[in-house]
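Asker: Here you go, one structure.
We did not get these values from a lab; they are worked out from the coordinates using the rules stated. The shown structure was predicted, so the numbers you read here are calculated from the model rather than taken from an experiment. Note: ideal-geometry Cβ built from the backbone for every residue, glycine included; neighbour counts use all protein chains shown.
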Amino acid sequence: MRTIKYFSFLLLFLAANISKAQEELQITAKDSIVQSSWIVGVGFNAVDDSGNVFDGLFDVGDEWNIVPFPSRVSIGRYFKNGLGLEAIGTYNKYKDGKIIDDEVIFEDIPYYAFDARLTYDLNQIIGQTGWFDPYIGIGAGYTDANNRGRGTYNAVVGFRTWFSDRWGLDFNSTGKWAMKSEVGVTNHIQHAAGVVYQFGIEKGLSKRGEEKLELMAAIAKEKQRQTDSINEVNRLRDEALLAERLEKQKREDALAAAEKAKLDELNNKRNSIKSRIEELGYVYFDLNSSVVNRKSKDVLDDLAEVLGEIPTLKLKITSHTDSRGTSMYNDWLSQRRVEKTKAYLLSIGVREDKLLTEAYGERKLLNECNDGTYCPEEKHAVNRRSEFVIIEF
């Protein structure tokens, strides 16, 4: 017995340590990455078409052409394998005094470009970096620059930096080579920066997240093995507790059965009283009358006997009219009828504390004889009544 207790304590200690490690090793938002999405972007672009791109790569003042408002829009679909397809439209303006094709121009010249490109996410190679998302790509497009249209082959390098799963910034540079060699048609480079937004996102686990998931599965398997061992040790104890639970359940079942029997008895008593009262029938009145007639007094005499036999019985008397006459008149008439009904019961010895009253006027007709329906007198008479509802018994 002492060996079993020691073994149980050891298993519990190991299980507690594994549980603690598993609590610390959880899949979090940091372990998930965006695997595919749509991305739209709006931003600025700068064109260097000076003819000596690499000599004056950062000569912004003389060689870069930029307009002072958002001039680039893009939309793209990006897939789990790292590839992305993107369509881009840009507008710019070559400014008077800038160097274009190795010469200074003396007028403003508009620039338009429509490009499509295929990109590859370099994180597929270097591993997920979270906020930093570099890419390279190739593509083709059409550009109207320096008043000359031309098809272009494009190569792009860039990166996105993400502030959240939705929002980020995009920075890239694209080299554009004319598809045909023509006089005055040269190659140029286009830089871009802007805000990007992701939607239609599909997320999955990063490599680190997958490793954590595998480790968690291994821990869970070991925990289950140890739990099974602990359960085996506890089996004998559970068997001893089972008899106690069964005895307790037996007592609870007996109490529930007694409670049900008591409730059934009350329901049977209520139904029996209700049937007796319903068999007596209603107290009926003549048209425009609140007088309790002889036949109705017989009903009330019998009702008084029931009230006398059952000291705990309390009733609510409800009185009604037919639909003829105004609603205000019928409310008054039903109030008179309920008072006269109660008054007769009191006169034959029924205690007042056993009776409640309520007058409904024409609001609770027993048939279709409302204000808009013609009915013979026999049907109207059905509605001129006092009823009796059990409150306590």
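Asker: Let a ≥ b ≥ c be the square roots of the eigenvalues of the Cα gyration tensor of the stretch 281-392; is it rounded (a/c under 1.5), or, if not, prolate (a/b larger than b/c) or oblate?
Answerer: Verdict is prolate for the stretch 281-392.
Asker: First select every other residue whose beta carbon is under 12 angstrom from the beta carbon of Tyr112; then total the charges, Lys and Arg +1, Asp and Glu -1.
Answerer: It works out to a net charge of +2.
Asker: Ok, one more. Setting aside same-chain residues fewer than 8 positions from Lys221, which lysines have a Cα under 17 Å from its Cα?
Answerer: Lys20, Lys212
Asker: Expressed in nm to one decimal, what extension gain is obtained for the pair Ser181 and Ala140 from 0.36 nm per residue of sequence separation less their Cα-Cα distance?
Answerer: So the chain would gain 13.2 nm between Ser181 and Ala140.
Asker: Using a simple spin-label model with points 7 Å from Cα along the Cα→Cβ vector, what separation in nm is obtained for Arg225 and Ala256?
Answerer: 4.2 nm
Asker: Can you list the aspartates and glutamates whose alpha carbon is less than 20 Å from that of Lys223, not counting same-chain residues fewer than 8 positions off?
Answerer: The qualifying aspartates and glutamates are Glu23, Glu24, Glu210, Glu211, Glu214, Glu232.
Asker: Tell me, what is the FRET efficiency for Lys269 and Arg237 to the nearest 0.05, using R0 = 51 angstrom and their Cβ-Cβ distance as r?
Answerer: According to the calculation, E is roughly 0.60.
Asker: In terms of the Cα gyration tensor, with a ≥ b ≥ c the square roots of its eigenvalues, is the chain rounded because a/c is under 1.5, prolate because a/b exceeds b/c, or oblate?
Answerer: Oblate, because a/c is 1.5 or more while a/b does not exceed b/c.
Asker: Let me ask something else. If the cut-off is 25 Å between C-alpha atoms, which lysines fall inside it for Lys364, apart from same-chain ones fewer than 8 positions away?
Answerer: The reachable lysines, counting only those whose Cα sits under 25 Å from Lys364, are Lys274, Lys295, Lys297, Lys314, Lys316, Lys340, Lys342, Lys354, Lys379.
Asker: For the chain, what is the mean residue ellipticity at 222 nm derived from helices alone (per DSSP H run of n ≥ 4: -39500 (n - 2.57); sum divided by total residues; nearest 500 deg cm²/dmol)?
Answerer: That calculation yields -13000 deg cm²/dmol at 222 nm.
Asker: Same structure again: Rounded, prolate or oblate for the stretch 29-207? Axes are the square roots of the Cα gyration tensor eigenvalues, ordered a ≥ b ≥ c, and the cut-off for rounded is a/c under 1.5.
Answerer: Prolate is the answer for the stretch 29-207, as a/c is 1.5 or above and a/b outweighs b/c.
Asker: Please give the net charge around Thr161, taking every other residue with its beta carbon less than 14 angstrom from that of Thr161, where Lys and Arg add +1 and Asp and Glu add -1.
Answerer: Summing Lys/Arg as +1 and Asp/Glu as -1 gives -2.
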